[in-house]
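Worksheet: one structure, shown below.
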Amino acid sequence: MDGVQPEASAADVTSSRRHELASFLRSRRERISPEQVGLPPGRRRRTPGLRREEVAQLAAVGVTWYTWLEQAREIQVSSQVADAIARALMLDNTERRHLFTLAGTQDPHPLLDCPGMSPAVRSMLDHLEPLPAAVSNSRYDIVAYNRTYGRLITDLDALPHEDRNLMWLSFTDPVWRERMVDREENIRLMAAKFRASMAQHLAEPAWKELLKRLQGASPEFCELWERHEVIQPDGHLKRYVNPDVGMLVFDFTHLWLGPQHGPRLTTYTPADAVTRERLERLHALVLAEQAPVAV
């Protein structure tokens with residue numbers, strides 16, 4: 001009949017939701033500055049807000065996968081990934097519900113307030129100095145850190161963003177590995193913790209990508225992975241050799257920033273007086289390096 005519009009097919013509805021989701025994600029990303037999520041401002045930006053790779057890092061998903069999501073490609077979004085993206089974009093409860101509706105998946109934490117990597121956490125990192133402190137996500141990416149942690153083992157600022165991952169550094173970076181005093185025991189525990197964490201992320205591209213990358217680069221990781229050991233994060237002493245001040249021995253504490261074992265802020269506390277004195281020296285060196293040069 002004239003004037004009667006045909007009903008939209010299921011494929012049309014799905015396509016419309018994908019495009020609406022892509023537009024929504026771009027709009028939320030563009031309203032957030034790097035400083036709001038604890039990231040350095042970096043060089044001059046051509047567009048406002050966060051870059052796609054920064055959202056991907058905060059959410060522990062692959063950059064290519066997240067780019068496809070913003071391009072409305074035909075990809076599946078799990079509830080765990082949608083939850084991670086909601087946190088990264090600092091969505092409020094209404095925006096969060098909208099995200100899950102468009103993604104076509106159930107919110108695993110429907111009553112959760114989602115603050116993301118807030119300025120308060122960034123401020124906490126800074127005020128914990130001279131104690132080394134860092135925020136890592138559930139995939140062991142190092143998302144943010146203070147100046148002392150940035151020079152604790154190696155110069156993190158000099159590393160590419162994709163290599164700032166505790167698993168990758170511990171299994172493949174020669175300098176990082178050399179300066180881990182109890183390396184063999186530490187990497188065994190890390191592989192077991194990573195396997196336990198990955199049980200909740202088996203279908204997620206970023207986790208599969210990291211696993212494949214580790215298996216391709218480290219026979220040592222492959223051997224440990226095949227043991228199928230699983231343990232939950234715990235506390236024990238960590239020992240590192242810093243090139244400027246020598247041996248450092250730490251207790252460490254995790255402050256969980258979300259439900260389950262997801263993003264966490266880790267603080268390293270000197271285990272003895274010698275480490276405390278050496279840590280003060282390291283912090284002083286970092287401050288001296290960053291002080292403006294008199295003209």
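State yes or no: is D113 over 30 Å from V13 (Cβ atoms), open to solvent by 30 Å² or more (accessible area, probe 1.4 Å) and modelled with pLDDT of 90 or more?
no
Here are some residues: R188, R195, R177. Which one is under 27 Å from H283 (Cα atoms) and part of a helix (DSSP H, G or I)?
Sole residue among the options that is under 27 Å from H283 (Cα atoms) and part of a helix (DSSP H, G or I): R177.
Evaluate the following for M167: is it open to solvent by less than 40 Å² (accessible area, probe 1.4 Å) and either acidic (D, E) or modelled with pLDDT of 90 or more (or both)?
Answer is yes for this residue.
Take Q80 and decide whether it is of a type outside the set (D, E), open to solvent by 50 Å² or more (accessible area, probe 1.4 Å), assigned to a helix (DSSP H, G or I) and modelled with pLDDT under 90. First the steps, then the outcome.
Working: of a type outside the set (D, E): yes; open to solvent by 50 Å² or more (accessible area, probe 1.4 Å): yes; assigned to a helix (DSSP H, G or I): yes; modelled with pLDDT under 90: yes.
Spelling it out, Q80 is indeed of a type outside the set (D, E), open to solvent by 50 Å² or more (accessible area, probe 1.4 Å), assigned to a helix (DSSP H, G or I) and modelled with pLDDT under 90.
Does E129 satisfy being open to solvent by 10 Å² or more (accessible area, probe 1.4 Å), on the phi < 0 side of the Ramachandran plot and in a helix (DSSP H, G or I)?
no
Search the range 163-174 for residues being touching a residue at least 24 places away in the same chain (Cβ under 8 Å) and assigned to a helix (DSSP H, G or I), and hand back the single one that is nearest to the chain's Cα centre (by Cα).
Of everything passing the filter in the range 163-174, L166 is nearest to the chain's Cα centre (by Cα).
Yes or no, residue by residue, for (1) over 22 Å from L169 (Cα atoms); (2) modelled with pLDDT under 95; (3) in a loop (DSSP other than H, G, I, E, B):
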| residue | (1), (2), (3) |
| --- | --- |
| H201 | no, yes, yes |
| W207 | no, yes, no |
| F221 | no, no, no |
| P233 | no, yes, yes |
| M247 | no, no, no |
| F252 | no, yes, no |
| G262 | no, yes, yes |
| E289 | yes, yes, no |
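Suppose we filter the range 132-148 for residues that are open to solvent by less than 10 Å² (accessible area, probe 1.4 Å) and either in contact with a His (Cβ under 8 Å, 6 or more places away or on another chain) or part of a helix (DSSP H, G or I) (or both); how many remain?
Adding up the residues that qualify gives 1.
Cβ-Cβ under 8 Å, sequence separation 6+ or interchain: first residue in the range 210-227 and open to solvent by less than 80 Å² (accessible area, probe 1.4 Å), partner among the charged types (D, E, K, R). Which pairs?
Within 8 Å, the pairs are L210/R139; L224/R188; W225/R195.
Out of curiosity, is A60 at pLDDT 90 or above, small (G, A, S) and touching a Ser or Thr at 6+ places or on another chain (Cβ under 9 Å)?
In short, no.
I'd like the residue in the range 170-207 that is surrounded by fewer than 17 Cβ atoms within 10 Å (Cβ to Cβ) and among the β-branched types (V, I, T) and, out of all such residues, is nearest to W68 (Cα to Cα).
In this case the residue turns out to be V175.
Give E54, E74, E20 a once-over and let me know the one that is at pLDDT 85 or above, of a type in the set (D, E), more than 23 Å from R122 (Cα to Cα) and surrounded by 13 or more Cβ atoms within 10 Å (Cβ to Cβ).
It is E20.
The values are calculated or read from the model by the stated rules, or taken from the named source; none is laboratory data. Quick caveat: nothing in here was measured; it's all calculated off a predicted structure. Here the Cβ is made from the backbone with ideal geometry for all residues, glycine too, and neighbour counts use every protein chain on show. Remember, those area values only see protein heavy atoms, side chains included, never the ligands or the DNA or RNA. Shrake-Rupley method; radii C 1.70, N 1.55, O 1.52, S 1.80 Å.
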